[in-house]
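Report on the structure given below.
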Amino acid sequence: MFVIIVLLVDNLNKFIHFIHIYAHFVDIVVYKLKFFFNFTYQLSIGLFFNVEKIVVDIVDKSLYNIRNWVFTNLSTSLLITMLVKFITCFFLKNLFFLLLLWIILGILFLFRSFLFLYMNFFLKLHKEFFIHNYYIYIFICFRKNTDRRIFGIMKDNLPQIWEKTLHLIKAELTEVSFNTWIKAIEPISFENDVIVLGTPNDFIKDILNTRYITLISNAIKQVTSQQYVIKIIIPTEDNFKNLDKSNSRSNNRLSTDSLSNLQLNPKYTFDTFVIGNSNRFAHAACVAVAESPAKAYNPLFIYGGVGLGKTHLMNAIGHYILQNNPNTKVAYVSSETFTNELINSIRDDRNVEFRNKYRNVDVLLIDDIQFIAGKESTQEEFFHTFNALRESNKQIIISSDRPPKDIPTLEDRLRTRFEWGLITDIQTPDFETRTAILRKKAQMENIDVSDEVMLFIAKKIQSNIRELEGALIRIVAYSSLTNSEVTLDLASEALKEIFSSKARQLNVPLIKEVISNKFNVKIEDLDSKKRTRAIAYPRQIAMYITRELTDLSLPKIGEEFGGRDHTTVMHAHEKVSNDIKNDPLFKERIEKIMEELKGN
């Protein structure tokens, strides 16, 4: 019995010793594995890492230490002994754990080797994008519904990427095609695998989307080795900004520090503005204000029809001031943006921040002020902003499609303040100015067009600058697409659709004819002195539509309707505008009439 007890105790001691060794082994393995997974966590939250250093210093240390410890500290005999005792004492069930452990170690070793080779291959493939020991941006995100990107191009690289893309595209196209369609493209932003490119007008946008989008996409893929979605837009003043400025927008703050050159179009400067008899006075006034802000004319009010150069002059003032005084805070904004920001500030309880943004600037340029008419809260806010800037001796420049006295539903207190300074207008350009504008455009865009063709365009297109430039682009595009030389016959063929639509250009007799048919009144009654509602209201509608769809001034419209005073036209426009706002059915009816008149 005594011998049996001694043997049992001896075996028990050996078993306990084995358990101690086995537990020690498991503890070390778990510790090493924990170290490895800690490395993974550190990698997931890192920003800029040296990939090779991470792989060699951390992965090697964790994986090789585990592997070396196993082969160094556990001899073959010990492992066999452990396995035998393991099977004997634990009825085989823990054998699977040990085998699984060895499999895990093998997988980790293979993972390390694969990762090391992949990193070196990736860096060699993309070495032109990374400097300073191949620093790259690593994102490993384990959160649900989160976009995972391990390697990506920085937004700051978009201008450089686009430059390289242009070189590739240029090699694939003729010089004329490249200068016509591709050269004017501007990189706008890079968000969520979408690269946004800006183009000057709808016509070029349509051509790019139908003919060149695949070429652009493939060129960008060749530069970046990744596939991106290409979106082409027509940039407005509110989104024509570089990537650094778009980054500041993402924090959704209204900061006066970022106002300086936030929304100015780089193409609109005094150097690119063509001076003629129709705009000479307005140009001189803008130069005077730019040279001496808040000293020459304050406020400066510029008005004129669509596409005559108001926005160009506004941007030119901002550029000139910033070029000569870089520390000046210049804010350029449309009245629509001003209204939207005001609404957002009220919604988000950021009124003070909104007011600080526009009342702490040195120069405020606000475009299309006529759109605040009828918006009481916007007019109230702008009234106080105007006063705050004037009291602080800050410059205010305003543009509109009509003079202050002709803006309906504009508060008198604002109207009088707009008239405090200098009011200047821009007229439709004459033939000589139109020709000069076309030559300037051709020079800027490196377009080779004969004087004969330019004179032809200037003679046929008399409305505004946008249509002039659009006609020139259309002719060059037609030449490129048909692979033909730009001649007078080709120009006539390219613009025939424009000329056919101009043949039915809106005029007062046509408007009167449509209104008389729609409301069952005689055309002569619209010009008569009759004031019954059955005649007066259709007359007011005709005046409203004439004001909206033509470039006629208020006095001229009054003359066309029986020699009435311009105040009568203002009253008619205001009354119909209010009825449109308050009556959806009436609004729909007027819109249909206007669409019919426009030939839509």
Length gained if Lys581 through Ile107 is fully extended, taking 0.36 nm per residue and subtracting the Cα-Cα distance, is 163.5 nm
Among the listed pairs Lys267/Lys592; Lys441/Lys496; Lys295/Lys375, those beyond 27 Å (Cα-Cα): Lys267/Lys592; Lys295/Lys375
What is the order of Met314, Met543, Met594, Met570, fewest Cβ neighbours within 10 Å to most? Met594, Met570, Met314, Met543
Relative contact order as a percentage, the range 508-597, C-alpha pairs under 8 Å and 6+ apart, gives 25
Calculated FRET value between Lys221 and Glu485, using beta carbons and R₀ = 45 Å, to 0.05: 0.80
The aspartates and glutamates whose Cα lies under 20 Å from the Cα of Lys459, excluding any fewer than 8 residues away in the same chain, are Asp430, Glu432, Asp448, Asp451, Glu467, Glu469, Asp489, Glu493, Glu497, Asp551
How high is the relative contact order of the range 441-532, given as a whole-number percent (alpha carbon pairs under 8 Å, six or more residues apart)? 20
Between Asn507 and Glu376, 0.36 nm times their residue separation minus their Cα-Cα distance comes to what? 43.8 nm
Report the Cα centroid-to-centroid distance between the range 360-388 and the range 319-351 in angstrom, as an integer. 11
Based only on Cα atoms, what Rg/Rh ratio does the range 259-422 have, Rh being taken as Kirkwood's radius? 0.94
If each residue of separation counts as 0.36 nm, what is the full-extension length gain between Glu596 and Arg211 once their alpha-carbon separation is subtracted? 135.3 nm
In the structure displayed, which of Lys518/Lys556; Lys310/Lys405; Lys394/Lys440; Lys522/Lys575; Lys522/Lys556 lie more than 27 Å apart, Cα to Cα? Lys394/Lys440
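Readers should treat all values here as calculations from the given coordinates under stated rules, not as data from a laboratory. Keep in mind that what you see is a predicted model, and the values were worked out from it rather than measured. All Cβ positions, even for glycine, are placed from backbone atoms using ideal geometry, and neighbour counts span all protein chains on display.
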